[in-house]
1. Under the rule a/c < 1.5 gives rounded, and otherwise a/b versus b/c splits prolate from oblate, where does the range 76-145 land using the Cα gyration tensor?
2. Quote the relative contact order of the range 35-145 in percent (integer), defining contacts as alpha-carbon pairs under 8 Å separated by 6+ residues.
3. How far, in degrees from 0 to 90, does helix 106-144 lean away from the longest principal axis of the Cα atoms of the chain, to the nearest 10?
4. Can you tell me the 0 to 90 degree angle between the C-alpha axis of helix 2-69 and the longest principal axis of the chain, rounded to 10?
5. Could you give the length gained on full extension between residue 62 and residue 105, defined as 0.36 nm per residue of separation minus the Cα-Cα distance, in nm?
6. Using only helices, what value at 222 nm comes out for the chain when you add -39,500 (n - 2.57) per DSSP H run of length 4 or more and divide by the total residues, to the nearest 500 deg cm²/dmol?
7. Going by alpha carbons, how many degrees (0 to 90, nearest 10) lie between the helix axis of 73-93 and the longest principal axis of the chain?
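Values quoted throughout were computed directly from the atomic coordinates according to the rules given, and no laboratory measurement underlies them. Treat the numbers as computed from the prediction; the structure is a model and nothing was measured.
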């Protein structure tokens, strides 16, 4: 009877060790998954910062281009409004912090990433027609000028 109790106790200890190892493995997998997602999202963060600089660059360069080519100031204003709105939408969609990714609920984080992807598609569906309007307007002004 005592031998049976010892074996049972030894099995319990082994089960406890196994559970600890499995829990540790789950944490490593969770951390690696989060770091992988964060790595993919860091590109979008960089993209947003580049778009800020490009917006400032376009404001200045396009101003001189409109002056040199005698384009209408309505086209310049339309361009700035559309580009500013696009950059603002990108900044809104791509806002996240490292702490949110690394410490938040993993399910909620994945839902957020899905939402971000859906919003980027919607943004593209609005941006492409605006780009077509802008190209047509620019072409008409260059042709008439």
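1. Verdict is prolate for the range 76-145.
2. 38 percent.
3. Orientation of helix 106-144: about 10 degrees from the principal axis.
4. The answer is roughly 10 degrees.
5. 11.0 nm
6. The per-residue figure over the chain is -33500 deg cm²/dmol.
7. So the inclination is approximately 0 degrees.
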